[in-house]
Structure formats: structure tokens, C-alpha cells
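The values are calculated or read from the model by the stated rules, or taken from the named source; none is laboratory data. None of these values were measured; they are calculated from a predicted model. All Cβ positions, glycine included, derive from the backbone under ideal geometry; neighbour counts span all protein chains shown.
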Amino acid sequence: MTEFQTPPIDPFAIRFDAESATLSPEGPTLVRRMSDLEGLFADADAWRAAVADGDPVVYSVQSSPVPEADRELPQSITTIQPGTTAGELWMTKGHQHPDHQGEIYLGISGTGGLLMHDGERTEWLDIEPGTIGYIPPGWAHRSINTGDEAYRFLAVYPGGAGHDYGWVLEHGMGRRAYAGAAGVELRPFGG
Ligand code: M6P
Ligand code: ZN
């Protein structure tokens, strides 16, 4: 028998409803408002103004009951609302896995981008419904809504990988995504 640090949960079925973009049974739901995204948008004044102006929900993450524990394989559906802050497209905080492990994202509805940075290299993947974006070990990842409707994707990731948000504040993400006249414009992180 394999030795587990925490008792593994029993097998069970999870219903994935693409229409309503829900997982059932449900686990925890995380809601991130503009005020939770301090230090992430390039224009800090515009960020502050958006916080003062109703502090909108930027994204939410609905998880299944599978715990974030070593050897488990949790899943979640993230919904990013459409919007921009001083032209910068609304996005997730972005994180690195402290224990470098891979992750997959599956586009469900709307259009988005998967921005990845390993400290030196930067990659961008367009994600549409049906696209699987692969995040290799060691690549920090951030998702961005590139359209004018909600962008939803399913994530499946190792439960022991963890979320390091400080890594992104320290290293940046290599590029920033702006709404341009002809679609997404990727600009240098510091530019
Ligand atoms: C996906 C997964 C989650 C992550 C969420 C929001 O659902 O990668 O692990 O928490 O996106 O991203 P962040 O944690 O960067 O806010
Ligand atoms: Zn991750």
C-alpha cells in the first residue's frame, strides 16, 4: 500500500456542466475583487480609482470538493469578468507553484490568454472553448480575459503544488496584456 501524508478521499463522480460552468458537488468558491489585486496592474492610480468606484469582482474560482492536499488532483472553474484598468485587460493574480509541478487549463467559454513566465522566458497561449493549455513545471501562470464576455476555464492541478503569489510580485510575468484596436497587445512588463 502507498503511504499517504493525508488520508486520500474516496472515488466519486463530479458533474461538469459546461452550460452553467459549474462543478457539483461544490467545494469552496473564492471571489477576488479589484482590492485583492494590489500591485498587479501597471497603473496603480487607475487600480485605486477602480477600488474606490465599487471595488468590482474581477474573477471567481469555484472548486470541487477534492482538497488541495499532496497526491490529490483538485479541479476548479475560474470565471474572469471582461474589463480593463487603464487599458490593461482584467486578469488573475497569477502564481508560481512552490513545488514545481504542471497544470492544465481547458477553455470553456469566452476567450482568454494564458501568460506564462519562468523568470527568463515568456509564453502566451490563446485559449478558446476546447483549447487545453499546458503549464509545465516551473512556469508561473496568469489568465487574462481577452474578450467582451466572461471567460471561463477548468483547471486541474496537483493538490500539493501550492500557490506562490510573492514570486509574481518579485519576478513579474514578462509581459502585460492590453486591449488594442486589433485585439490583444502584449507589452513589456515594465513598459
Ligand atoms: C485556476 C487554478 C487555481 C487558481 C485560480 C486563480 O483555477 O490555477 O489554482 O487559484 O486559477 O488564479 P490565482 O490563484 O493566480 O488567483
Ligand atoms: Zn497553478
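Brief remarks on what is shown
Each row is one residue, and each column tells you yes or no for (1) in contact with a Leu (Cβ under 9 Å, 6 or more places away or on another chain); (2) away from ligand 2 (no atom under 16 Å from the Cβ).
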| site | (1), (2) |
| --- | --- |
| ILE9 | no, yes |
| PHE12 | no, yes |
| GLU19 | no, yes |
| SER35 | no, yes |
| ARG48 | no, yes |
| ALA69 | no, no |
| PRO82 | yes, yes |
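- From the options ALA150, ALA179, residue that is more than 15 Å from ligand 2 (Cβ to nearest atom), under 16 Å from the mean Cα position of the chain (by Cα) and among the aliphatic types (A, V, I, L, M): ALA150
- Taking the stretch 151-186 as the range and being within 14 Å of ligand 1 (Cβ to nearest atom), of a type in the set (A, V, I, L, M) and surrounded by 14 or more Cβ atoms within 10 Å (Cβ to Cβ) as the test, the residues that pass are LEU154, ALA155, VAL156, ALA161, VAL168, MET173.
- Count of the stretch 1-60 residues which are modelled with pLDDT of 95 or more, farther than 29 Å from ARG71 by Cβ, of a type outside the set (A, V, I, L, M) and not in a helix (DSSP H, G or I): 9
- Within the stretch 107-130, considering residues that are farther than 25 Å from GLY190 by Cα and within 15 Å of ligand 1 (Cβ to nearest atom), the one surrounded by the fewest Cβ atoms within 10 Å (Cβ to Cβ): SER109
- The set of residues in the stretch 75-93 that are over 21 Å from GLY130 (Cβ atoms) and either surrounded by fewer than 19 Cβ atoms within 10 Å (Cβ to Cβ) or basic (Lys, Arg) (or both) comprises GLN81, GLY83, THR84, ALA86, GLY87, LYS93.
- Taking the stretch 111-138 as the range and being part of a loop (DSSP other than H, G, I, E, B) and touching a residue at least 12 places away in the same chain (Cβ under 8 Å) as the test, the residues that pass are THR111, ASP118, GLY119, ARG121, GLU128, PRO129, GLY130, THR131, PRO136, PRO137, GLY138.
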